[in-house]
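The values are calculated or read from the model by the stated rules, or taken from the named source; none is laboratory data. These numbers were taken from a predicted model, which means no experiment stands behind them. Cβ placement follows ideal geometry from the backbone for every residue including glycine, while neighbour counts extend to all protein chains displayed. Accessible surface areas use protein heavy atoms only, side chains included; no ligands, DNA or RNA. Shrake-Rupley method; radii C 1.70, N 1.55, O 1.52, S 1.80 Å.
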Amino acid sequence: PIFEAQFALPIRSGGFTNASKMEVHIAYRCALALKDLISPYILRRLKSDVKHHLPKKTEQILMCPLTQAQYDLYKEFLSSKHISQIYNSKETGRTFSAIMRLRHICNHPDIFKTFGDD
C-alpha cells in the first residue's frame with residue numbers, strides 16, 4: 001500500500017524517541033504533505049462562521065420518574081459502603097465518581113451494572 005510507504009511509516013518512525021533528526025524531519029514533511037492533501041476534503045466550520053444561521057438556544061427540563069428498578073438500585077447505592085466511605089473521605093474525585101454512578105442509574109440501570117463496578 002502506497003499510503004503506508006509514503007506517509008504512515010515515515011510519520012510513525014519519526015515519532016519514536018530514538019528517531020534521528022533526519023527521520024523526525026522527514027516525518028514532519030510527510031505530515032505537512034498529508035495535511036495539504038486532505039485539507040480540501042475536510043469540512044471545518046467555526047461557531048463564529050455559522051452562529052448567525054443557528055436558531056436561538058432553548059432548554060427544556062422534563063421531569064420523568066425513575067422506574068422501580070432504577071429507584072431500587074439508586075436507594076441500594078445510596079446505602080452502600082461505597083457512599084459511607086465517601087462521607088468519611090475528603091477526596092473530591094470519589095464524590096464525582098459517586099455522582100456519575102447515580103447518573104448512570106438514572107440514565108439506564110444497565111449502564112451502571114456494566115460500568116459502575118470498580
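Annotations for the structure displayed:
- Residue match in segment 79-97 (condition: free of Cβ contacts under 8 Å to residues at least 12 places away in the same chain and aliphatic (A, V, I, L, M)): no
- Remark: pairs (first residue in segment 35-61, in a helix (DSSP H, G or I); second residue surrounded by 10 or more Cβ atoms within 10 Å (Cβ to Cβ); Cβ separation under 9 Å; 6+ apart in sequence or on different chains) = Leu37/Phe7.
- In the set (1) within 25 Å of the chain's Cα centre (by Cα); (2) open to solvent by less than 100 Å² (accessible area, probe 1.4 Å), the condition left unmet by Gly14 is number (1).
- Residues that are among the acidic types (Asp, Glu) and at pLDDT 90 or above, drawn from segment 36-64: Asp36, Glu59
- Test: residue in segment 52-72 that is over 26 Å from the mean Cα position of the chain (by Cα) and open to solvent by less than 70 Å² (accessible area, probe 1.4 Å): yes
- Output for segment 62-75, where each listed residue is within 15 Å of Phe112 (Cα to Cα) and assigned to a loop (DSSP other than H, G, I, E, B): Leu66, Thr67
- Hey, Ser39 small (Gly, Ala, Ser) and either exposed (fewer than 10 other Cβ atoms within 10 Å of the Cβ) or on the phi > 0 side of the Ramachandran plot (or both) or not: yes
- Across segment 73-118, the qualifying residues are those that are open to solvent by 100 Å² or more (accessible area, probe 1.4 Å) and at pLDDT below 85, and the one among them that is farthest from the chain's Cα centre (by Cα) is Asn88.
- Residue within segment 25-33 that is among the hydroxyl-bearing types (Ser, Thr, Tyr), at pLDDT 90 or above and open to solvent by less than 100 Å² (accessible area, probe 1.4 Å) present: no
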